[in-house]
Amino acid sequence: MKQVVAVIKPHKLDDVKDALKEAGIQGMTVVDAKGFGRQRGQTEVYRGAEYEIEFIPKIRIELVVAESQLDAAVEAIRSAAQTGKIGDGKIFVIPVERALRIRTGEEGEDAL
Amino acid sequence: MEISGADTAFVLICAALVLFMTPGLAFFYGGMVRQRNVLAMLMQNFFTISIVTTLWVLVGFSLAFGPDNGGFIGGLDFMGLKGIGQGITENWANMWAEGNVTMTVPELAFMVFQLMFAIITPALMTGAFAERLKFKAYALIAVLWSILVYAPVAHWVWSPNGWLFKLGALDFAGGTVVHINAGIGALVIALMVGKRKGWPESPEMRPHNLPLTLLGTGILWFGWFGFNAGSALGANGLAVQAFVNTHIAAAVGALGWVVIEWIKDKHPTTLGAASGAVAGLVAITPAAGFVPEWASMVIGLLAGIVCFLFVSVKFKAGYDDSLDVVAVHLVGGILGALLTGVFAVKGVNALGSGLIDGNAAQLGKQALAVGATLLYSGVVTAIIAIVVKAVVGLRVDEETEDVGMDLAEHSERAYVLD
């Protein structure tokens, strides 16, 4: 099992969700996030005064998938979240030791 | 004396409109502060209604419009509104007749209309020292300032016996009494309380809710019709003139600000449109009942441009006027007061004639009124701030500034979304 963590542009969330569903992914968790990378922040102007806003709004998606689904999930996120402009985000894949469904106690890939 | 039903109805409606400006101002300012200080901003404005109403009834109205003492301040004869009633007494009518003013509304109507001006004036100052002045300190400042600064200056300019009224300084609806008076007071307090932690470099200082600011601007604009047209004190042609001039200056003020910021900073902004409208409204206030419509366009345009350009001064000079009360109210007020002396024509109002009407001396009178207000309000506000600092302190502690005044001072949060 692998956890896929992706940080994407907020307006791409619906596209990414649809692409993941199409790839057969059953669930995900989404968090409103703020951050910056190579894109840096953005400049805002209020009454002529410029403010450098370093932390800009992002969406962080988290899902856990079976090895067999991993490549499809990663590709779904990448293609759906891509605009080609700086700031499209990142995808991280992390090993998962255990998964457990709280309602039934099922473990491993059965719990996903 | 004859009371006019139409005039009375008009003045009462205008009084309600002017009252509405104070919560409008609260929204205008509230949207511009950080999320954690929005309630503190609203509360300072809203609570001014209670403080000033109480004082005005007890003593403020009497000090402003009571029988004269040397042109400087009214007497205590009307304390507790004694003798101020539903009609027009001979004494009252005679006092106004000395200034060639014929009163056609009940004394109480005039009193309550004037009260609304007394409320919004100290409230205007709150934007300058926003996000760091203790509520306790503000309440005390509002009390002392209303009595020691507002009442005398209102007497000078608007009482028929006031020295600036007699001199012939023109201030239709409060350029000196309201905007310059509050603007210089605001600057003095902002200097004495010091700059906010992190100002100006922190990006945190940006406005948290500009839709609130736009809503407040709309309410201010709407209420300003009562402020300026109502200052004709009657449902008549002069009121119409002031109404039209007010609207023109607000619209063109917004236009001026947005166009210059668009050229300079590359973007037309909502905050710019809101600020320009208010700058235009401030500048037309003293002129509304004295100048022709085309002059309102010029005044509005200049206000939008000059006030925008003045905003950057605080960064160079290093004073933290949080929400630009100085650039908008002080500078806009001075501009309006001086331009009234330029553009006033007898064809609009027989009482006023300025430079373009062949009366260059009017400009000198306007400058004197501006200078006297700056000096008096500046000095007395400083004394008040020193006293308040000694008694309760001016500034919140560092932790309150970090956590936010909403929670620390008022035990509330504005946006509970969880």
### Query
Are there any pairs with C-beta distances below 7 angstrom linking a residue in the range A:52-76 that is under 19 Å from A:VAL16 (Cβ atoms) and within 14 Å of chain B (Cβ to nearest Cβ) to a residue that is among the hydrophobic types (A, V, I, L, M, F, W, C) and not in a helix (DSSP H, G or I), with the two at least 6 apart or on different chains, and if so which?
A:ILE56/A:PHE36
#### Entry: Qualifying residue in the range B:42-55 (condition: more than 21 Å from B:TYR138 (Cβ to Cβ) and not polar (S, T, N, Q))
no
### Query
For B:LEU351, all conditions in the list (1) within 14 Å of chain A (Cβ to nearest Cβ); (2) out of contact with any helix residue (DSSP H, G or I) (no Cβ under 8 Å at 6 or more places or on another chain) hold save one; what is the number of the exception?
(1)
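Table: residues versus (1) within 13 Å of B:MET125 (Cβ to Cβ); (2) buried (at least 24 other Cβ atoms within 10 Å of the Cβ).
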| site | (1), (2) |
| --- | --- |
| B:LEU144 | yes, no |
| B:ILE147 | no, no |
| B:PRO152 | no, no |
| B:LEU167 | no, no |
| B:GLY175 | no, yes |
| B:HIS179 | yes, yes |
| B:GLY185 | yes, yes |
| B:ALA190 | yes, yes |
| B:LYS195 | no, no |
### Query
If you take just the helices (runs of 4 or more DSSP H) that sit entirely in the range B:224-338, which of them hold at least 3 residues that are closer than 22 Å to B:GLY352 by Cβ and more than 14 Å from chain A (Cβ to nearest Cβ)?
B:237-265, B:270-284, B:293-311
### Task
Pick out the one residue from B:VAL38, B:VAL18 that is open to solvent by less than 10 Å² (accessible area, probe 1.4 Å) and touching an Asp or Glu at 6+ places or on another chain (Cβ under 7 Å).
B:VAL38
### Query
Considering A:LYS34, A:LYS90, A:LYS9, which residue is of a type in the set (D, E, K, R), touching a residue at least 24 places away in the same chain (Cβ under 8 Å), closer than 30 Å to B:ALA273 by Cβ and open to solvent by 50 Å² or more (accessible area, probe 1.4 Å)?
A:LYS34
### Message
Which condition from (1) within 26 Å of B:GLY336 (Cβ to Cβ); (2) away from every other protein chain (no Cβ under 14 Å); (3) in a helix (DSSP H, G or I); (4) touching a residue at least 60 places away in the same chain (Cβ under 8 Å) is the one that B:MET192 breaks?
### Response
(1)
### Matching option when the condition is within 27 Å of the chain's Cα centre (by Cα), free of Cβ contacts under 8 Å to residues at least 24 places away in the same chain and surrounded by 13 or more Cβ atoms within 10 Å (Cβ to Cβ), among B:VAL396, B:VAL370, B:VAL387, B:VAL379
B:VAL379
### Task
Evaluate the following for A:VAL64: is it among the aliphatic types (A, V, I, L, M), part of a strand (DSSP E or B), modelled with pLDDT under 95 and surrounded by 13 or more Cβ atoms within 10 Å (Cβ to Cβ)?
no
### Task
Could you list all residues from the range A:35-51 that are within 14 Å of chain B (Cβ to nearest Cβ) and part of a strand (DSSP E or B)?
A:GLN42, A:THR43, A:GLU44, A:VAL45, A:TYR46, A:ALA49, A:GLU50, A:TYR51
## Note on the structure
Of A:ASP18, A:ASP88, A:ASP32, A:ASP110, the only residue that is farther than 30 Å from B:SER312 by Cα and within 14 Å of another protein chain (Cβ to nearest Cβ) is A:ASP32
#### Entry: Among the residues listed as B:GLY80, B:GLY66, B:GLY71, the single one being touching a His at 6+ places or on another chain (Cβ under 9 Å) and at positive phi
B:GLY71
### Query
Quick one: which of B:MET111, B:MET95 is modelled with pLDDT under 95, open to solvent by less than 50 Å² (accessible area, probe 1.4 Å) and among the aliphatic types (A, V, I, L, M)?
B:MET95
### Summary
Per the list (1) surrounded by fewer than 20 Cβ atoms within 10 Å (Cβ to Cβ); (2) of a type in the set (D, E, K, R); (3) out of contact with any Gly (no Cβ under 9 Å at 6 or more places or on another chain), residue check on B:LYS314 breaks on (1)
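The values are calculated or read from the model by the stated rules, or taken from the named source; none is laboratory data. Quick caveat: nothing in here was measured; it's all calculated off a predicted structure. Quick reminder, even Gly has a Cβ in these numbers, built from the backbone with ideal geometry, and neighbours come from all protein chains shown. Heads up: the accessible areas ignore ligands, DNA and RNA and are worked out on the full protein's heavy atoms, side chains in. Shrake-Rupley method; radii C 1.70, N 1.55, O 1.52, S 1.80 Å.
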